[in-house]
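K.L.:
Handing you a structure now.
Please treat every number below as a calculation from the coordinates, not as lab data. Quick caveat: nothing in here was measured; it's all calculated off a predicted structure. Cβ sites come from the backbone with ideal geometry, for glycine too, and all protein chains shown count toward neighbours.
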Amino acid sequence: MTIPKGWVSIDFKELEDLPCLRYAEKPDRSSSYRLLKEKVVDAGICSHCGTCTICPVDLIILEDRPVDFDPKKGCMGCGVCVAVCPRYNYQPISGLGEYIEAVAGKSKRFVGQDGAMVSEFMATALEMGEIEVALFVARDEMFRPYVVHVRTPDELLDQRITGTKYSYANVMPELHRIIRRVDSVGIIGTPCMISGLRKLQEKVPLYKKKVKLAVGLFCTENFYWHELYDFLKERGADLKNAVKTDIKKGNFIVTFKDGSEFTISVKEMEEIVPSGCHVCQDFSAIEADVSVGSVGSKAGFSTVLIRSETAKKIYDYMLEKGYIETAEAKLNIVQKLCDFKVKIHPYNPKTEECEAEEGKAEEEKKE
Ligand SMILES: Cc1cc2nc3c(=O)[nH]c(=O)nc-3n(C[C@H](O)[C@H](O)[C@H](O)COP(=O)(O)OP(=O)(O)OC[C@H]3O[C@@H](n4cnc5c(N)ncnc54)[C@H](O)[C@@H]3O)c2cc1C
Ligand code: SF4
Ligand code: SF4
Ligand code: SF4
């Protein structure tokens with residue numbers, strides 16, 4: 001295929017396995033990303049999952065603020081950003097989803113947010129050779145999240161790598177960056193990221209082949225890091241001195257180096273919850289291989305929903321090796337949280353017919 005004169009110069013070999021080439025037969029240089037901008041970002045339903053940063057010309061900007069676009073990069077109209085966006089033609093998913101086994105677990109090897117079962121799943125997968133690298137979300141001294149590559153279980157003894165960061169993390173851009181350089185990878189993400197990953201895997205075979213394990217986290221809401229930092233600082237809690245952040249029983253709790261705690265009701269944080277979370281109904285990361293959360297198990301344990309055969313194999317291995325302690329998971333509590341999320345985040349997607357009807361009504365009004 002020849003690239004039309006004046007187009008941004010990219011190496012088409014780079015796009016191997018992407019649907020771009022298919023769409024590029026009829027390119028419309030300027031309009032494809034606008035679809036994403038109008039229907040998802042400007043519509044306030046973007047989840048900040050970062051899947052669209054697969055863009056081959058880096059036109060999509062994912063920073064600690066709503067997704068933005070840099071048209072100067074020259075959209076080549078490939079349509080891949082729209083094709084992989086889980087919020088384009090968004091149909092919310094909700095509930096507990098399907099699972100093979102549900103359990104409460106606690107790692108004997110690692111210290112994490114709850115029972116460190118997320119870390120244990122990745123560590124065991126690395127040890128078994130199921131994955132070559134795992135993408136984790138670590139934190140800096142200001143509790144700002146950043147993505148790290150973990151290749152050996154011992155690296156997870158660093159407690160800045162384990163534990164929850166209540167801010168958006170650039171997991172998907174990092175996955176895009178390394179996908180061609182690794183054979184197998186595991187990722188951890190909020191439910192919206194897992195939905196992005198699944199859509200990506202559906203459209204781009206390379207990701208299906210290489211992402212071998214997707215661990216999803218239970219999730220009710222998330223924050224932009226700078227908004228969370230400023231909000232807490234204004235109320236006297238400086239994340240610079242924090243060692244842990246947690247949400248328990250409707251409260252956001254910050255634990256500091258000296259052992260003291262700051263607590264604020266999550267309801268009071270409503271003003272900084274981004275709009276994309278307000279339309280999200282997936283609490284339990286339905287599309288993950290294994291979902292892990294806090295609710296539904298006793299203190300110090302994580303609730304684990306094993307959904308795929310790969311996750312089951314990893315779980316059986318950690319049991320056999322004696323890496324974990326198990327207890328009963330109370331799924332009725334998880335179900336309650338799933339239902340609660342649907343209740344507080346109503347979303348009625350407009351169908352195409354509905355939009356057409358609205359358009360007709362507008363026209364009639366003008367006449
Ligand atoms: C934004 C957010 C909201 C959550 N809300 C709830 C909730 O309402 N109810 C509930 O029961 N559980 C919730 N969780 C999950 C919970 O906080 C724990 O992460 C989960 O129980 C796993 O604990 P663990 O000890 O097994 O994990 P660990 O072994 O400590 O590992 C957790 C791993 O998660 C990854 N991670 C941390 N922060 C992020 C992030 N922002 N984005 C992507 N990956 C990340 C890191 O790689 C970290 O190592 C939430 C998690 C997040 C990130
Ligand atoms: S992914 Fe393709 S359509 Fe989307 S912004 Fe980038 S070049 Fe344009
Ligand atoms: S929902 Fe995800 S893929 Fe869609 S525009 Fe937002 S960040 Fe991009
Ligand atoms: S609530 Fe959680 S899963 Fe839903 S959009 Fe926000 S961060 Fe993503």
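K.L.:
Pairing the Cα long axis of helix 331-344 with the longest principal axis of the chain, what angle in degrees results, from 0 to 90 and rounded to the nearest 10?
P.N.:
That helix lies at roughly 40 degrees to the long axis.
K.L.:
Continuing with this model, one more query. Considering only DSSP states other than H, G, I, E and B, which trypsin sites (Lys or Arg not before Pro) in region 219-284 qualify as loop sites with at most 13 other Cβ atoms within 10 Å?
P.N.:
235, 249, 257
K.L.:
Once the other residues with Cβ under 10 Å from the Cβ of residue 116 are scored (Lys, Arg +1; Asp, Glu -1), what is the net sum?
P.N.:
With Lys, Arg at +1 and Asp, Glu at -1, the neighbours total +1.
K.L.:
Next question, about the same structure. To the nearest 0.05, what FRET efficiency results for residue 333 and residue 180 with a Förster distance of 41 Å applied to their C-beta separation? Write out the running numbers ahead of the final one.
P.N.:
Values: r = 42 Å, r/R0 = 1.02.
Computed FRET efficiency for residue 333 and residue 180: 0.45.
K.L.:
Work out the FRET efficiency for residue 89 and residue 63 from their Cβ-Cβ distance, taking R0 = 30 Å, and round it to the nearest 0.05. Walk me through the numbers on the way to the answer.
P.N.:
Working: r = 25 Å, r/R0 = 0.85.
The computed FRET efficiency comes out at 0.75.
K.L.:
Further question: Would you list 278, 345, 48 from fewest to most Cβ contacts within 10 Å? Don't skip to the answer; put the middle values down first.
P.N.:
Working: 278 15, 345 18, 48 25.
Listing 278, 345, 48 from fewest to most nearby Cβ atoms yields 278, 345, 48.
K.L.:
Evaluate the charge dipole of the chain about its Cα centre and quote only its size in Debye, nearest 20, assuming +1 on the Cβ of each Lys and Arg and -1 on the Cβ of each Asp and Glu.
P.N.:
I would put it at about 500 debye.
K.L.:
If the chain between residue 202 and residue 148 were fully stretched, how many nm would it gain, using 0.36 nm times the residue separation less the Cα-Cα distance?
P.N.:
16.9 nm
K.L.:
For residue 139, what is the net charge nearby, where nearby means another residue's Cβ is under 13 Å from its Cβ and Lys, Arg count +1, Asp, Glu -1?
P.N.:
+2
K.L.:
Taking the alpha-carbon centroid of each part, what is the distance from region 138-168 to region 42-70 in angstrom?
P.N.:
23
K.L.:
For the cross-link pairs 37/212; 208/312; 298/341; 249/330; 203/313; 108/209, which exceed 25 Å when the distance is taken from alpha carbon to alpha carbon?
P.N.:
The pairs that break the limit, which is 25 Å between Cα atoms, are 37/212; 203/313; 108/209.
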